[in-house]
Amino acid sequence: MKRGRRSFTGGIAAFTAVFLAAGLLTGCRKDNKIAPAAETAAATAAAQPPVEVTRAPEPETESEEFVPDERIEVDGKIQSYLTGEMTDVAKANRRPIAVMISNDKESMPSYGLNQAGVVYEAPVEGGMVRYMALIEDYDDMDRIGSVRSTRTYYIYFANEFDAILTHCGQSTFAKPYLSKIDNINALEGAGGAAFYRSSDKKAPHNAYTSFERIQTAIQSLGYSQEYDEDYEGHYLFAKPDEPVHLTQDNAVDAFRIYPGYQLNAPYFEFDEEDGLYHRYQYGAVHNGSEGPLAVKNVIIQYCQQGYYATTPYLDINVHTKEWGYYATNGKAMPIYWVKDGENGVTHYYDFADNEIMLNPGKTWVCIVSTRDGSRTELHGKE
């Protein structure tokens, strides 16, 4: 079955009203900076009863869009589910690994972020953020990490890509969910063989894995490396020769993007020469083990957030529809997201209720609390 472009009807009125009230659909500040009124948005969204959305009927005619279900082999390559780029068949058809990677200064540089097709950045305890790097081409990698523990919401993210989650422990609250997915845990059973400790870092920042070790663990655990037969990919991608340019009325310049994380203070800066968003944090260029990090697409996904009882562990709601931004080629537009059931994929929609299309290339997803959305800033060209 070919996957056509999805659209949803109903339920977006509340989000549109919020953006209109905040002036986000019609203009920007004099300094060409936008800071959304997240508290107003969160309050409005929270006051709305859950909205039941239904998928529009599939069109009777075949879509001409270049989407993952139309993966045609050309010269030994097919379209990657992670990046939309033409990739060697063996690698593009193999389930990716989803590696939990530290962002502590003591662990730098991170090994594996440069090779990731998709990176999720989300907060953990104490204002720190942690990465989940989705990697399909890791055959030549003998050092990936440093690998850290996972949380419940990362388990859901990994499952959306049919990935094998690779982690070194987990929170107490995440443990029951691990049984629902394939995962390699450094602290349990056969997973321990997948990890090693380096001598150039101190614990807990010196746990790493590699291609050979992961393959050994996968075989020992009996995991399949083929995508589930029902898997259709996560994103819709534009044709390589027809890139996405955000021309909607609510699109704004986004040459510098501040997600709003305070501890590492990251931002993305658009480079017109290579068409990529280059990553900065801790007051400097964000380097992986193979140099500066840069991506084609940036998604800011706001999520409702709380805590597990009186613990410091965050409970991030990745199921209840919220809003966000999609940025590419120096422009950004407001979007909203809907998760397709408990274990389904998260889809992102524009305000005309059409699922957005990403430009082929790497994507960075920032998970931000709705209460912290006022810290997000989109700056125009200086």
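The values are calculated or read from the model by the stated rules, or taken from the named source; none is laboratory data. No experiment lies behind these values; they were computed from the predicted model shown. Heads up, the Cβs are rebuilt from the backbone with ideal geometry, glycines too, and the neighbour counts pull from every protein chain shown. SASA here: full protein model, heavy atoms, side chains in, ligands and nucleic acids out. Shrake-Rupley method; radii C 1.70, N 1.55, O 1.52, S 1.80 Å.
A few notes on this one:
- Peptides ranked, highest mean first, by Cβ atoms within 10 Å: ranges 213-226, 119-132: 119-132, 213-226
- Only protein heavy atoms count here; on that basis, with a 1.4 Å probe, Lys91 has an accessible area of about 50 Å².
- Beta bridges by DSSP in segment 119-269, antiparallel share as percent, to the nearest 5: 75 percent
- Accessible-area ranking of Leu263, Leu314, largest first, probe 1.4 Å: Leu263, Leu314
- Listed by chain and number, the aspartates and glutamates whose alpha-carbon sits under 12 Å from that of Lys321, ignoring those within fewer than 8 places in the same chain, are Glu52, Asp340.
- Peptides 72-84, 195-207 ranked from most to least packed give 72-84, 195-207, packing being the mean of other C-beta atoms within 10 angstrom over each peptide's residues.
- Cross-link pairs beyond the 20 Å C-alpha cut-off, checked among Lys180/Lys339; Lys296/Lys331; Lys239/Lys296; Lys105/Lys381: Lys105/Lys381
- For segment 175-240, the equivalent ellipsoid built from the Cα gyration tensor has semi-axes of 28, 18, 13 Å, listed from largest to smallest.
- Alpha-carbon centroids, segment 78-153 and segment 236-278: separation in whole Å: 20 Å
- Size-normalised alpha-carbon gyration radius of segment 279-382, reference 2.2 N^0.38 Å: 1.20
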